[in-house]
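Remarks on the structure that follows.
The values are calculated or read from the model by the stated rules, or taken from the named source; none is laboratory data. These numbers were taken from a predicted model, which means no experiment stands behind them. Reconstructed Cβ throughout: ideal geometry from the backbone, glycine too, with neighbour counts over all protein chains shown.
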Amino acid sequence: MTEELDKFTLITGLFGGLALFLFGMDLMTAALKRVAGEQLRDVLGKVTTNRFMGAGMGALFTGLVNSSSVTTVILVGFISAGLMSMAQSVSVIMGANIGSTVTAQILAFNVTRFALPMITLGFAVAFLFKNRDWQDYGRMLFGIGLVFYGMGLMSQAMVPLRTSQVFIDFIATLEIPMLAVLAGMVFTAVIQSSAATTGIVIVLAGQGVMTLETAIAVAMGANIGTCATAGLAAIGKPREAVRAAVVHVLFNVAGVVVWIMFIDQLSAFARMISPQSDVPRQVANAHTVFNVANTVLFIGFTAQIARLVEWLVPDKPLSEEAPLTPKYLDDGLLSTPGFALENARREIGRMGDYVDDLLVKALPTALSTSRRALVELEEMDPPVDRLHRAIIEYLGRISLMRLSDKQSRDLLQLVSVANDLEHVADRITTDITISARKRLDEHAPITPEAARRIRAYHAEVALALDQAVEAVVKENVELAVSVRNKKREVVGMSRNMSREWFGQTQGHQKSALMGYVREVELVEILDGIFKIARRIARSQLEPDETPADD
């Protein structure tokens, strides 16, 4: 009965501690991303062609958010948006491995005694404060406390393992480096946390159950196992996501291959730079040295690695049947609303480019005599509808997260802009095509002079729509003001055309009159699109800058 009780205590202590560790990590990371996510994104976005700065940014970002997977997901968005090259992202991914060692360095301290005070204070701050940022600070502290407390529970649960012959025999098999690497890789892939694996290794090594050499080999395997998270996240994603995941895998596997024959030397170096009796610190330092050395070793080959990955994962053309398949709506970013909203903004930019192109193509079709061209114009609307639904559904899922006041305003703005763009597409593919068919049925001609004036007016409207979308995507207030100020010029063009047409149709035959009706109708449709463009631009302005009238 006692033996069964010991087994029960061991299992519940080990896995209960692991559960608290993982839950605390998730809670801490989620709170940190909400509090500082947008600032961290801006920091990461400042990576230049300097590969060392890229590695430093990757290390800083990953060390703060404690997730190399989050770093990889954000990089995918930057690459897709053209803000970063594949070669630049390679150095950031290398730096992310250095950042992932921060947790191990912290856990190597005797942090268990701080666990309950941090849990108590963190809960009090999260529960008592009404300010959302302070609540998140409390959750961060609470999460860190749970991580430390979970480490303590696992450490206590593993004490009896020092006298278990079965466990001692199992650990003895891990003295073969390849088996230790495999064990670390599999365990990390299952629990999807290299920090947890490294934490357990630090506990085992600290209690003398596992040698430093074995602990280092298991930690190396954890470096490969953590790639499983990025790999799973890349399934079904754009080629940029797959390439980033492949870089992650290649770099980590190559690092292990290089170092697996030098574990003894790495162990000796870790003992030399660490206190002799502090085995947990030796494990943490070996882990850091391993990742820093790999970055130094491979950072000179970022361009070559990028070319290799682009060769292994070549570009795949988009299907013509689905030209507006969502590209940036990554569910993996929903836990970080700031990043998710930024990607939704990029997706709206793609939708806006398509709709603007649709508007450019609409006028030649409307002025032509081809009914087939009208059908083709109508067939360009369903892709817009599909992407619009995907964007709205994605924004709906973001709205279920905890949002700051600014994020809530941004979300409402993006919903409004997406709806406006879908409305513009409907005006083009429905209203313009209906008007053009009426003109063809009535055999109503459009004179060359009228066509010239309509083209000039259409060009101004198309430019306004393009600039309005760009103002939203780039959050450019000056461009939004420029679109808003086009009202007098565009309205003046419309009034002048109406007066000239009315004078030219007096005393003319019925067909000329019907032509005038259709010309005015087309301009009114374009005028409606211009008003929507101004509304899109105004959404980018601060409330006190927004004019009271249209």
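Here are a few things to note about the model shown:
- Among the candidates Val256, Val247, residue that is closer than 18 Å to Thr198 by Cβ and of a type in the set (A, V, I, L, M, F, W, C): Val256
- Note on region 197-291: enclosed helices (runs of 4 or more DSSP H) holding 1 or more residues that are among the acidic types (Asp, Glu) and in contact with a Ser or Thr (Cβ under 7 Å, 6 or more places away or on another chain) are 212-225, 239-259.
- The set of residues in region 428-468 that are among the hydroxyl-bearing types (Ser, Thr, Tyr) and assigned to a helix (DSSP H, G or I) comprises Thr429, Thr430, Thr433, Ser435, Tyr457.
- Residue ID - modelled with the lowest pLDDT, chosen from residues in region 393-412 that are outside any loop (DSSP other than H, G, I, E, B) and crowded, with 16+ Cβ neighbours inside 10 Å: Gln407
- Residue in region 241-251 that is free of Cβ contacts under 8 Å to residues at least 60 places away in the same chain and assigned by TED's automatic domain parsing to the domain that holds Leu10 present: yes
- Residue in region 380-391 that is in the same structural domain as Ser435 (by TED's automatic domain parsing), crowded, with 16+ Cβ neighbours inside 10 Å and over 26 Å from Asp466 (Cβ atoms) present: no
- Looking only at region 469-496, and only at residues there that are of a type in the set (Lys, Arg) and in a helix (DSSP H, G or I), the one that is nearest to Glu449 (Cα to Cα): Arg495
- Conditions (1) more than 23 Å from Gly231 (Cα to Cα); (2) not in a helix (DSSP H, G or I); number of the one not met by Leu363: (2)
- If only residues of region 194-222 that are of a type outside the set (A, V, I, L, M, F, W, C) and surrounded by 24 or more Cβ atoms within 10 Å (Cβ to Cβ) are counted, the one that is nearest to Ala96 (Cα to Cα) is Ser194.
- Top-ranked residue in region 330-344 [being surrounded by fewer than 21 Cβ atoms within 10 Å (Cβ to Cβ) and either at pLDDT 80 or above or part of a loop (DSSP other than H, G, I, E, B) (or both); ranked as nearest to the chain's Cα centre (by Cα)]: Leu334
- Check on Thr188, polar (S, T, N, Q), in the same structural domain as Ser68 (by TED's automatic domain parsing), in contact (Cβ under 8 Å) with a residue 60 or more places away in the chain and crowded, with 20+ Cβ neighbours inside 10 Å: no
- Among residues of region 106-130 that are within 12 Å of Leu146 (Cα to Cα), those with a Cβ under 6 angstrom from a residue that is of a type in the set (Val, Ile, Thr) and modelled with pLDDT under 90, sequence gap 6+ or separate chain, pair up as Met118/Ile144.
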